[in-house]
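For reference, the structure discussed in these notes is given below.
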Amino acid sequence: PDLLPACNGEITTMSFLQDIVDILLQYVVKSFDRTTKVIDFHYPNELLQEYNWELADQPQTLEEILLNCRTTLKYAIKTGHPRYFNQLSTGLDMVGLAADWLTSAANTNMFTYEIAPVFVLLEYVTLRKMREMVGWPGGCGDGIFSPGGAISNMYAMLIARFKMFPEVKEKGMAAIPRLVAFTSEHSHFSVKKGAAALGIGTDSVILIRCDERGKMIPSDLERRILEAKQKGFVPFLVSATAGTTVYGAFDPLIAIADICKKYKIWMHVDGAWGGGLLMSRKHKWKLNGVERANSVTWNPHKMMGVPLQCSALLVREEGLMQSCNQMHASYLFQQDKHYDLSYDTGDKALQCGRHVDVFKLWLMWRAKGTTGFEAQIDKCLELAEYLYNKIKNREGYEMVFDGKPQHTNVCFWYIPPSLRSMEDNEERMSRLMKVAPVIKARMMEYGTTMVSYQPLGDKVNFFRMVISNPAATHQDIDFLIDEIERLGQDL
(Lines give C-alpha, C1' and ligand atoms only; values in the text may rest on other atoms or scores of the structure.)
Protein backbone atom coordinates (compact mmCIF):
# COMPACT_ATOMS: atom_id res chain seq x y z
CA PRO A 1 0.00 0.00 0.00
CA ASP A 2 3.01 2.35 0.44
CA LEU A 3 4.18 2.17 -3.19
CA LEU A 4 3.13 4.51 -5.99
CA PRO A 5 0.39 5.47 -6.78
CA ALA A 6 0.05 5.86 -2.99
CA CYS A 7 0.26 9.40 -1.72
CA ASN A 8 3.94 10.34 -1.11
CA GLY A 9 4.91 6.87 -2.31
CA GLU A 10 7.95 8.01 -4.31
CA ILE A 11 10.61 7.32 -1.66
CA THR A 12 9.29 3.88 -0.69
CA THR A 13 8.92 2.99 -4.38
CA MET A 14 12.47 4.06 -5.24
CA SER A 15 13.90 2.10 -2.33
CA PHE A 16 11.79 -1.02 -3.12
CA LEU A 17 12.76 -1.01 -6.81
CA GLN A 18 16.40 -0.37 -5.88
CA ASP A 19 16.29 -3.53 -3.72
CA ILE A 20 14.74 -5.45 -6.63
CA VAL A 21 17.45 -4.23 -8.99
CA ASP A 22 20.12 -5.33 -6.45
CA ILE A 23 18.59 -8.82 -6.32
CA LEU A 24 18.52 -8.96 -10.13
CA LEU A 25 22.09 -7.70 -10.52
CA GLN A 26 23.38 -10.30 -8.06
CA TYR A 27 21.58 -12.98 -10.05
CA VAL A 28 23.00 -11.70 -13.34
CA VAL A 29 26.57 -11.75 -11.99
CA LYS A 30 26.04 -15.23 -10.51
CA SER A 31 24.74 -16.49 -13.86
CA PHE A 32 28.19 -16.05 -15.38
CA ASP A 33 30.11 -17.44 -12.38
CA ARG A 34 31.25 -20.96 -13.21
CA THR A 35 31.65 -21.81 -9.52
CA THR A 36 27.88 -21.45 -9.03
CA LYS A 37 25.39 -24.17 -9.90
CA VAL A 38 23.39 -24.03 -13.11
CA ILE A 39 20.45 -25.35 -11.09
CA ASP A 40 19.59 -25.92 -7.44
CA PHE A 41 17.39 -28.94 -8.13
CA HIS A 42 14.48 -29.96 -5.90
CA TYR A 43 11.64 -32.34 -6.69
CA PRO A 44 8.27 -30.61 -7.25
CA ASN A 45 6.68 -31.86 -4.00
CA GLU A 46 9.77 -30.72 -2.01
CA LEU A 47 9.55 -27.21 -3.43
CA LEU A 48 5.80 -27.08 -2.83
CA GLN A 49 6.19 -28.11 0.80
CA GLU A 50 9.30 -26.11 1.65
CA TYR A 51 7.68 -22.71 1.07
CA ASN A 52 4.23 -21.26 1.30
CA TRP A 53 3.28 -20.35 -2.28
CA GLU A 54 -0.45 -19.99 -1.62
CA LEU A 55 -2.35 -16.78 -2.34
CA ALA A 56 -3.93 -15.13 0.70
CA ASP A 57 -6.62 -12.55 1.42
CA GLN A 58 -4.26 -10.31 3.37
CA PRO A 59 -1.29 -8.46 1.81
CA GLN A 60 2.31 -9.42 2.59
CA THR A 61 4.94 -6.91 3.68
CA LEU A 62 7.44 -5.55 1.16
CA GLU A 63 10.16 -7.52 3.02
CA GLU A 64 8.24 -10.72 2.31
CA ILE A 65 7.80 -9.69 -1.32
CA LEU A 66 11.56 -9.21 -1.68
CA LEU A 67 12.06 -12.61 -0.08
CA ASN A 68 9.65 -14.14 -2.64
CA CYS A 69 11.80 -12.68 -5.41
CA ARG A 70 15.01 -14.09 -3.90
CA THR A 71 13.45 -17.52 -3.44
CA THR A 72 12.15 -17.60 -7.00
CA LEU A 73 15.58 -16.80 -8.41
CA LYS A 74 17.29 -19.24 -6.02
CA TYR A 75 15.53 -22.15 -7.74
CA ALA A 76 15.44 -20.64 -11.25
CA ILE A 77 17.56 -22.34 -13.91
CA LYS A 78 20.46 -20.06 -14.81
CA THR A 79 19.83 -20.09 -18.54
CA GLY A 80 22.65 -17.57 -19.03
CA HIS A 81 25.21 -19.85 -17.30
CA PRO A 82 28.06 -20.81 -19.65
CA ARG A 83 27.35 -24.51 -18.86
CA TYR A 84 23.63 -24.47 -19.59
CA PHE A 85 23.24 -26.28 -22.93
CA ASN A 86 19.73 -27.66 -22.49
CA GLN A 87 17.68 -25.63 -24.96
CA LEU A 88 18.05 -23.94 -28.33
CA SER A 89 17.65 -20.62 -26.49
CA THR A 90 20.44 -19.96 -23.98
CA GLY A 91 22.58 -17.07 -22.80
CA LEU A 92 21.87 -13.74 -21.16
CA ASP A 93 22.57 -10.61 -23.18
CA MET A 94 23.03 -7.43 -21.14
CA VAL A 95 21.64 -5.03 -23.75
CA GLY A 96 18.75 -7.39 -24.43
CA LEU A 97 18.02 -7.52 -20.70
CA ALA A 98 18.09 -3.72 -20.46
CA ALA A 99 15.69 -3.53 -23.42
CA ASP A 100 13.34 -5.99 -21.73
CA TRP A 101 13.29 -3.90 -18.56
CA LEU A 102 12.48 -0.81 -20.63
CA THR A 103 9.72 -2.67 -22.50
CA SER A 104 8.11 -3.74 -19.21
CA ALA A 105 8.26 -0.21 -17.83
CA ALA A 106 6.69 1.23 -21.01
CA ASN A 107 4.02 -1.50 -20.73
CA THR A 108 2.15 -0.90 -23.96
CA ASN A 109 0.51 -3.01 -26.61
CA MET A 110 1.67 -3.50 -30.19
CA PHE A 111 -1.66 -3.06 -31.96
CA THR A 112 -1.60 0.61 -33.00
CA TYR A 113 0.81 3.47 -33.70
CA GLU A 114 -1.50 5.51 -31.48
CA ILE A 115 -0.29 3.78 -28.30
CA ALA A 116 3.10 2.33 -29.34
CA PRO A 117 4.58 4.82 -31.81
CA VAL A 118 8.30 4.01 -31.46
CA PHE A 119 7.82 0.27 -31.02
CA VAL A 120 5.59 0.02 -34.09
CA LEU A 121 8.16 1.87 -36.21
CA LEU A 122 10.99 -0.30 -34.87
CA GLU A 123 9.04 -3.42 -35.79
CA TYR A 124 8.57 -2.05 -39.29
CA VAL A 125 12.30 -1.24 -39.66
CA THR A 126 13.54 -4.51 -38.13
CA LEU A 127 11.24 -6.81 -40.09
CA ARG A 128 12.20 -5.04 -43.32
CA LYS A 129 15.89 -5.55 -42.50
CA MET A 130 15.27 -9.25 -41.77
CA ARG A 131 13.43 -9.69 -45.08
CA GLU A 132 16.35 -8.03 -46.83
CA MET A 133 18.66 -10.61 -45.24
CA VAL A 134 16.36 -13.40 -46.43
CA GLY A 135 17.02 -12.01 -49.92
CA TRP A 136 13.70 -10.45 -50.91
CA PRO A 137 14.38 -7.39 -53.11
CA GLY A 138 14.50 -4.21 -51.03
CA GLY A 139 13.15 -6.10 -48.02
CA CYS A 140 9.70 -6.12 -49.59
CA GLY A 141 6.84 -8.03 -48.01
CA ASP A 142 5.27 -8.20 -44.59
CA GLY A 143 5.78 -9.82 -41.21
CA ILE A 144 5.03 -9.88 -37.53
CA PHE A 145 6.65 -10.81 -34.23
CA SER A 146 4.67 -13.65 -32.69
CA PRO A 147 4.83 -15.53 -29.36
CA GLY A 148 7.27 -18.19 -30.62
CA GLY A 149 8.14 -20.34 -33.63
CA ALA A 150 5.09 -22.60 -33.28
CA ILE A 151 2.76 -19.63 -33.69
CA SER A 152 4.88 -18.22 -36.56
CA ASN A 153 4.55 -21.57 -38.35
CA MET A 154 0.81 -21.57 -37.71
CA TYR A 155 0.55 -18.06 -39.22
CA ALA A 156 2.30 -19.39 -42.33
CA MET A 157 -0.23 -22.23 -42.66
CA LEU A 158 -3.11 -19.82 -42.11
CA ILE A 159 -1.86 -17.40 -44.78
CA ALA A 160 -0.99 -20.16 -47.28
CA ARG A 161 -4.51 -21.59 -46.94
CA PHE A 162 -6.07 -18.12 -47.35
CA LYS A 163 -3.95 -17.42 -50.46
CA MET A 164 -5.28 -20.56 -52.14
CA PHE A 165 -8.88 -20.42 -50.83
CA PRO A 166 -9.77 -16.91 -49.58
CA GLU A 167 -13.37 -18.03 -49.00
CA VAL A 168 -12.19 -20.23 -46.08
CA LYS A 169 -12.10 -17.10 -43.90
CA GLU A 170 -15.88 -16.67 -43.97
CA LYS A 171 -17.14 -20.11 -44.93
CA GLY A 172 -14.75 -22.34 -42.99
CA MET A 173 -13.17 -25.67 -43.88
CA ALA A 174 -16.44 -27.25 -45.02
CA ALA A 175 -16.45 -24.95 -48.06
CA ILE A 176 -13.09 -26.08 -49.46
CA PRO A 177 -11.49 -29.34 -50.61
CA ARG A 178 -9.40 -31.55 -48.34
CA LEU A 179 -6.02 -29.84 -47.90
CA VAL A 180 -2.65 -31.50 -47.30
CA ALA A 181 0.66 -30.10 -46.09
CA PHE A 182 4.11 -31.66 -46.39
CA THR A 183 7.05 -31.47 -44.00
CA SER A 184 9.98 -33.71 -43.15
CA GLU A 185 9.86 -36.47 -40.55
CA HIS A 186 12.47 -34.48 -38.57
CA SER A 187 10.50 -31.23 -38.65
CA HIS A 188 9.16 -29.49 -35.57
CA PHE A 189 5.92 -30.80 -34.04
CA SER A 190 4.39 -27.32 -34.44
CA VAL A 191 3.47 -28.05 -38.08
CA LYS A 192 1.10 -30.80 -36.93
CA LYS A 193 -0.06 -28.68 -34.01
CA GLY A 194 -0.91 -25.83 -36.42
CA ALA A 195 -2.86 -28.23 -38.65
CA ALA A 196 -4.84 -29.40 -35.62
CA ALA A 197 -5.56 -25.83 -34.46
CA LEU A 198 -6.62 -24.64 -37.93
CA GLY A 199 -9.02 -27.55 -38.42
CA ILE A 200 -6.95 -29.09 -41.23
CA GLY A 201 -6.20 -32.13 -39.04
CA THR A 202 -2.91 -33.83 -38.21
CA ASP A 203 -3.67 -36.65 -40.67
CA SER A 204 -3.39 -34.03 -43.41
CA VAL A 205 0.27 -33.39 -42.60
CA ILE A 206 2.34 -35.79 -44.69
CA LEU A 207 5.81 -36.53 -43.33
CA ILE A 208 8.53 -36.76 -45.98
CA ARG A 209 11.48 -39.11 -45.54
CA CYS A 210 14.89 -37.76 -44.56
CA ASP A 211 18.38 -38.94 -45.46
CA GLU A 212 20.74 -40.20 -42.74
CA ARG A 213 21.76 -36.62 -41.91
CA GLY A 214 18.14 -35.58 -41.33
CA LYS A 215 17.54 -33.61 -44.55
CA MET A 216 14.29 -33.92 -46.48
CA ILE A 217 14.60 -36.06 -49.62
CA PRO A 218 13.15 -34.00 -52.54
CA SER A 219 12.28 -37.05 -54.69
CA ASP A 220 10.15 -38.42 -51.84
CA LEU A 221 8.43 -35.02 -51.51
CA GLU A 222 7.50 -35.02 -55.19
CA ARG A 223 6.28 -38.62 -55.01
CA ARG A 224 4.02 -37.86 -52.03
CA ILE A 225 2.63 -34.69 -53.69
CA LEU A 226 1.63 -36.69 -56.78
CA GLU A 227 0.13 -39.42 -54.59
CA ALA A 228 -1.98 -36.86 -52.68
CA LYS A 229 -3.20 -35.23 -55.90
CA GLN A 230 -4.22 -38.63 -57.27
CA LYS A 231 -6.36 -39.16 -54.18
CA GLY A 232 -8.06 -35.83 -54.87
CA PHE A 233 -6.41 -33.90 -52.04
CA VAL A 234 -5.11 -30.36 -52.55
CA PRO A 235 -1.48 -29.75 -51.56
CA PHE A 236 -1.33 -26.21 -50.12
CA LEU A 237 1.95 -25.93 -48.20
CA VAL A 238 5.42 -27.42 -47.94
CA SER A 239 7.28 -26.58 -44.74
CA ALA A 240 11.02 -27.00 -45.20
CA THR A 241 13.23 -26.85 -42.11
CA ALA A 242 16.41 -24.77 -41.89
CA GLY A 243 18.01 -26.20 -38.76
CA THR A 244 16.04 -29.19 -37.42
CA THR A 245 15.50 -29.42 -33.68
CA VAL A 246 17.54 -32.55 -33.01
CA TYR A 247 20.10 -32.96 -35.82
CA GLY A 248 20.35 -29.29 -36.82
CA ALA A 249 19.86 -30.33 -40.47
CA PHE A 250 19.11 -27.93 -43.32
CA ASP A 251 16.65 -29.17 -45.92
CA PRO A 252 17.74 -28.68 -49.58
CA LEU A 253 15.79 -25.46 -50.15
CA ILE A 254 16.60 -24.98 -53.85
CA ALA A 255 15.31 -28.43 -54.84
CA ILE A 256 12.23 -27.94 -52.64
CA ALA A 257 11.59 -24.50 -54.18
CA ASP A 258 11.69 -26.07 -57.66
CA ILE A 259 9.06 -28.62 -56.64
CA CYS A 260 6.84 -25.98 -55.01
CA LYS A 261 7.03 -23.86 -58.15
CA LYS A 262 6.23 -26.83 -60.38
CA TYR A 263 3.08 -27.76 -58.41
CA LYS A 264 2.15 -24.18 -57.37
CA ILE A 265 2.42 -24.88 -53.63
CA TRP A 266 3.24 -22.32 -50.93
CA MET A 267 6.80 -22.79 -49.70
CA HIS A 268 7.40 -22.06 -46.03
CA VAL A 269 10.84 -22.24 -44.44
CA ASP A 270 10.93 -22.94 -40.71
CA GLY A 271 14.23 -21.27 -39.86
CA ALA A 272 13.33 -20.83 -36.18
CA TRP A 273 16.66 -22.42 -35.20
CA GLY A 274 18.79 -21.93 -38.33
CA GLY A 275 17.60 -18.49 -39.48
CA GLY A 276 20.30 -16.75 -37.46
CA LEU A 277 22.91 -18.14 -39.84
CA LEU A 278 21.76 -15.50 -42.34
CA MET A 279 23.83 -13.08 -40.20
CA SER A 280 27.02 -15.02 -40.96
CA ARG A 281 28.88 -14.66 -44.25
CA LYS A 282 30.64 -17.94 -43.51
CA HIS A 283 27.53 -20.04 -42.87
CA LYS A 284 24.56 -18.48 -44.69
CA TRP A 285 25.07 -20.74 -47.74
CA LYS A 286 23.25 -23.40 -45.69
CA LEU A 287 20.04 -21.44 -46.37
CA ASN A 288 20.63 -21.03 -50.13
CA GLY A 289 17.20 -20.91 -51.77
CA VAL A 290 15.46 -19.31 -48.77
CA GLU A 291 14.82 -16.21 -50.90
CA ARG A 292 12.42 -18.33 -53.00
CA ALA A 293 10.18 -19.07 -50.01
CA ASN A 294 6.74 -17.47 -49.62
CA SER A 295 7.21 -17.24 -45.85
CA VAL A 296 9.98 -17.74 -43.31
CA THR A 297 10.02 -18.29 -39.54
CA TRP A 298 13.11 -16.90 -37.80
CA ASN A 299 13.57 -16.87 -34.00
CA PRO A 300 16.17 -14.35 -32.84
CA HIS A 301 15.68 -15.75 -29.31
CA LYS A 302 17.52 -18.91 -30.35
CA MET A 303 20.80 -18.62 -32.24
CA MET A 304 21.06 -14.85 -31.84
CA GLY A 305 20.65 -14.91 -28.07
CA VAL A 306 17.85 -12.33 -27.82
CA PRO A 307 15.91 -12.72 -24.52
CA LEU A 308 12.69 -14.75 -24.79
CA GLN A 309 10.47 -14.33 -26.56
CA CYS A 310 11.38 -13.05 -30.00
CA SER A 311 10.08 -14.89 -33.06
CA ALA A 312 9.41 -13.38 -36.47
CA LEU A 313 7.25 -14.58 -39.31
CA LEU A 314 8.27 -13.00 -42.62
CA VAL A 315 5.94 -13.08 -45.65
CA ARG A 316 7.04 -12.26 -49.19
CA GLU A 317 3.70 -10.91 -50.46
CA GLU A 318 2.60 -7.63 -48.93
CA GLY A 319 -1.02 -7.16 -47.87
CA LEU A 320 -1.80 -10.86 -47.62
CA MET A 321 -1.54 -11.06 -43.82
CA GLN A 322 -3.86 -8.11 -43.52
CA SER A 323 -6.58 -9.53 -45.80
CA CYS A 324 -6.23 -12.93 -44.15
CA ASN A 325 -6.63 -11.76 -40.56
CA GLN A 326 -8.34 -8.37 -40.47
CA MET A 327 -11.68 -8.00 -38.71
CA HIS A 328 -11.97 -4.17 -38.89
CA ALA A 329 -12.75 -3.65 -35.18
CA SER A 330 -14.01 -0.07 -35.28
CA TYR A 331 -13.12 0.76 -31.66
CA LEU A 332 -9.42 0.02 -32.28
CA PHE A 333 -8.72 0.51 -35.97
CA GLN A 334 -10.77 3.63 -36.68
CA GLN A 335 -10.41 4.65 -40.31
CA ASP A 336 -10.54 8.42 -39.63
CA LYS A 337 -7.39 8.76 -37.51
CA HIS A 338 -5.07 11.70 -38.16
CA TYR A 339 -1.97 9.62 -39.11
CA ASP A 340 -1.00 7.03 -41.75
CA LEU A 341 -3.07 3.95 -40.86
CA SER A 342 -0.63 1.54 -42.49
CA TYR A 343 1.32 1.64 -39.21
CA ASP A 344 -1.58 0.13 -37.25
CA THR A 345 -0.40 -3.48 -37.37
CA GLY A 346 -2.91 -5.02 -34.96
CA ASP A 347 -5.44 -6.15 -37.54
CA LYS A 348 -2.99 -8.40 -39.35
CA ALA A 349 -2.18 -10.31 -36.14
CA LEU A 350 -4.14 -13.26 -34.73
CA GLN A 351 -3.74 -11.80 -31.27
CA CYS A 352 -5.38 -8.64 -30.10
CA GLY A 353 -3.05 -7.96 -27.16
CA ARG A 354 0.53 -8.37 -28.38
CA HIS A 355 3.69 -8.01 -26.32
CA VAL A 356 6.50 -5.73 -27.52
CA ASP A 357 9.13 -8.26 -28.62
CA VAL A 358 11.01 -6.14 -31.12
CA PHE A 359 12.81 -3.70 -28.82
CA LYS A 360 15.26 -6.31 -27.42
CA LEU A 361 16.31 -7.37 -30.89
CA TRP A 362 16.50 -3.83 -32.25
CA LEU A 363 18.59 -2.52 -29.33
CA MET A 364 20.97 -5.52 -29.44
CA TRP A 365 21.37 -5.07 -33.19
CA ARG A 366 22.24 -1.41 -32.59
CA ALA A 367 24.74 -2.39 -29.90
CA LYS A 368 26.44 -5.24 -31.82
CA GLY A 369 25.84 -4.40 -35.43
CA THR A 370 25.34 -7.25 -37.88
CA THR A 371 29.06 -8.04 -37.51
CA GLY A 372 28.65 -8.54 -33.77
CA PHE A 373 25.90 -11.09 -34.28
CA GLU A 374 28.03 -12.71 -36.96
CA ALA A 375 31.01 -13.09 -34.61
CA GLN A 376 28.78 -14.51 -31.87
CA ILE A 377 27.20 -17.06 -34.23
CA ASP A 378 30.50 -18.05 -35.85
CA LYS A 379 31.93 -18.65 -32.38
CA CYS A 380 29.07 -20.99 -31.42
CA LEU A 381 29.53 -22.99 -34.63
CA GLU A 382 33.27 -23.16 -34.02
CA LEU A 383 32.62 -24.54 -30.50
CA ALA A 384 30.32 -27.22 -31.93
CA GLU A 385 33.04 -28.24 -34.36
CA TYR A 386 35.53 -28.35 -31.47
CA LEU A 387 33.20 -30.69 -29.54
CA TYR A 388 32.67 -32.89 -32.60
CA ASN A 389 36.43 -33.17 -33.24
CA LYS A 390 37.03 -33.92 -29.57
CA ILE A 391 34.62 -36.85 -29.30
CA LYS A 392 34.36 -38.35 -32.80
CA ASN A 393 37.27 -40.75 -32.17
CA ARG A 394 37.26 -40.69 -28.36
CA GLU A 395 36.80 -43.96 -26.51
CA GLY A 396 33.29 -44.34 -25.13
CA TYR A 397 31.58 -42.09 -27.68
CA GLU A 398 29.53 -42.92 -30.78
CA MET A 399 28.23 -40.27 -33.16
CA VAL A 400 24.54 -40.55 -34.09
CA PHE A 401 25.26 -39.53 -37.70
CA ASP A 402 28.50 -39.36 -39.65
CA GLY A 403 30.28 -36.17 -40.57
CA LYS A 404 30.65 -32.66 -39.24
CA PRO A 405 27.39 -31.15 -37.95
CA GLN A 406 25.89 -28.36 -40.07
CA HIS A 407 24.63 -26.39 -37.11
CA THR A 408 25.64 -26.40 -33.42
CA ASN A 409 23.75 -29.66 -32.75
CA VAL A 410 26.20 -32.44 -31.86
CA CYS A 411 24.39 -35.76 -31.34
CA PHE A 412 26.18 -38.64 -29.64
CA TRP A 413 25.93 -41.63 -27.34
CA TYR A 414 28.13 -41.99 -24.31
CA ILE A 415 28.94 -45.71 -23.91
CA PRO A 416 29.87 -46.60 -20.31
CA PRO A 417 32.81 -49.04 -19.87
CA SER A 418 30.39 -51.88 -18.99
CA LEU A 419 28.80 -51.71 -22.47
CA ARG A 420 31.91 -51.16 -24.59
CA SER A 421 32.74 -54.80 -25.24
CA MET A 422 29.13 -55.96 -25.55
CA GLU A 423 27.94 -57.08 -28.95
CA ASP A 424 25.30 -54.89 -30.61
CA ASN A 425 22.03 -56.59 -29.69
CA GLU A 426 18.65 -55.95 -28.04
CA GLU A 427 20.15 -56.23 -24.56
CA ARG A 428 22.81 -53.60 -25.29
CA MET A 429 20.22 -51.28 -26.83
CA SER A 430 17.89 -51.47 -23.84
CA ARG A 431 20.81 -50.79 -21.47
CA LEU A 432 22.09 -47.90 -23.59
CA MET A 433 18.56 -46.43 -23.60
CA LYS A 434 18.89 -45.85 -19.83
CA VAL A 435 22.36 -44.23 -19.84
CA ALA A 436 21.56 -40.68 -20.95
CA PRO A 437 18.55 -40.19 -18.62
CA VAL A 438 20.60 -41.29 -15.58
CA ILE A 439 23.53 -39.03 -16.46
CA LYS A 440 21.10 -36.14 -17.03
CA ALA A 441 19.40 -36.75 -13.66
CA ARG A 442 22.79 -36.75 -11.93
CA MET A 443 23.84 -33.55 -13.72
CA MET A 444 20.71 -31.85 -12.42
CA GLU A 445 21.10 -33.16 -8.88
CA TYR A 446 24.72 -31.96 -8.75
CA GLY A 447 23.63 -28.78 -10.57
CA THR A 448 26.83 -28.68 -12.65
CA THR A 449 25.52 -28.54 -16.21
CA MET A 450 22.47 -29.37 -18.33
CA VAL A 451 22.32 -30.97 -21.76
CA SER A 452 19.37 -32.45 -23.60
CA TYR A 453 18.74 -36.06 -24.64
CA GLN A 454 16.06 -37.90 -26.63
CA PRO A 455 15.36 -41.01 -28.72
CA LEU A 456 14.66 -40.55 -32.45
CA GLY A 457 13.13 -43.09 -34.80
CA ASP A 458 14.84 -46.43 -34.11
CA LYS A 459 17.70 -44.76 -32.21
CA VAL A 460 17.70 -45.08 -28.42
CA ASN A 461 18.32 -42.08 -26.12
CA PHE A 462 21.30 -39.97 -27.18
CA PHE A 463 22.65 -36.61 -26.08
CA ARG A 464 21.84 -33.58 -28.21
CA MET A 465 24.37 -30.94 -27.38
CA VAL A 466 23.46 -27.48 -28.72
CA ILE A 467 25.44 -24.27 -28.39
CA SER A 468 23.82 -20.85 -28.66
CA ASN A 469 25.33 -19.17 -25.61
CA PRO A 470 28.12 -16.73 -26.51
CA ALA A 471 29.49 -17.09 -22.94
CA ALA A 472 30.51 -20.72 -23.55
CA THR A 473 34.20 -21.49 -24.15
CA HIS A 474 36.38 -24.47 -25.08
CA GLN A 475 36.85 -25.08 -21.35
CA ASP A 476 33.10 -25.43 -20.88
CA ILE A 477 32.96 -28.04 -23.62
CA ASP A 478 35.86 -29.89 -21.96
CA PHE A 479 34.02 -29.65 -18.64
CA LEU A 480 30.86 -31.14 -20.13
CA ILE A 481 32.72 -34.17 -21.52
CA ASP A 482 34.56 -34.73 -18.21
CA GLU A 483 31.26 -34.43 -16.37
CA ILE A 484 29.49 -36.98 -18.62
CA GLU A 485 32.38 -39.39 -18.00
CA ARG A 486 32.47 -38.74 -14.24
CA LEU A 487 28.72 -39.31 -13.92
CA GLY A 488 28.49 -42.24 -16.33
CA GLN A 489 31.59 -44.35 -15.54
CA ASP A 490 29.79 -46.75 -13.21
CA LEU A 491 26.69 -47.33 -15.33
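The values are calculated or read from the model by the stated rules, or taken from the named source; none is laboratory data. Just so we're clear, the structure is a prediction, and the values are computed from it rather than from any experiment. We place every Cβ from the backbone using ideal geometry, glycine too, and count neighbours over all the protein chains shown. Accessible surface is based on the protein model in full, side chains and every heavy atom, while ligands, DNA and RNA are left aside. Shrake-Rupley method; radii C 1.70, N 1.55, O 1.52, S 1.80 Å.
Okay, here's what the table says:
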read-out	value
Dipole of the range 109-355 [Lys/Arg +1, Asp/Glu -1 at C-beta], most positive-end residue of Val234, Phe250, Trp298	Phe250
Protection-proxy order for peptides 373-380, 206-213, 292-299, each taking the mean of Cβ atoms within 10 Å per residue, highest first	292-299, 373-380, 206-213
The range 264-392 - accessible surface per residue (Å², probe 1.4 Å)	40
Heavy atoms of Asp100 accessible to a 1.4 Å probe, total area in Å² rounded to 10	30
Solvent-accessible area, 1.4 Å probe, carbon plus sulfur percent, for the range 160-318	53
Greater than 27 Å apart at Cα, pairs in Lys192/Lys264; Lys78/Lys348; Lys392/Lys440; Lys169/Lys284	Lys78/Lys348; Lys169/Lys284
Nearest-20 debye value, the chain charge dipole, Cβ charges on Lys, Arg, Asp, Glu	1780
Hull-based mean projected area of the chain, where the convex hull spans the alpha carbons, in square nanometres	27.5
Solvent-accessible surface (1.4 angstrom probe) belonging to His328, in square angstrom, nearest 10	120
Radius of gyration, Dmax [the range 1-158; alpha carbons; angstrom]	20.6, 60
In Å, descending, principal axis extents of the Cα set of the range 109-355	55, 47, 29
Kyte-Doolittle mean at least 0.5, axial Cα span of 20 Å or more - DSSP H helices of the chain	10-31, 117-134, 149-164
The range 438-464-the range 194-271 distance, computed between alpha-carbon centres (Å)	30
Residue-by-residue Karplus 3J(HN,Hα) for the range 343-351, coefficients 6.51, -1.76, 1.60, Hz, glycine and proline x	8, 7, 8, x, 7, 9, 8, 6, 7
The range 109-355 - charge dipole about Cα centre, Lys and Arg +1 at Cβ, Asp and Glu -1, debye rounded to 20	660
Rounded if a/c under 1.5, otherwise prolate or oblate - the range 394-456, Cα gyration tensor axes	oblate
Dipole moment magnitude, nearest 20 debye, the range 223-325 about Cα centre, only Lys, Arg, Asp, Glu C-beta charged	320
Convex hull volume per residue for the range 350-394, taking Cα atoms only, in Å³	114
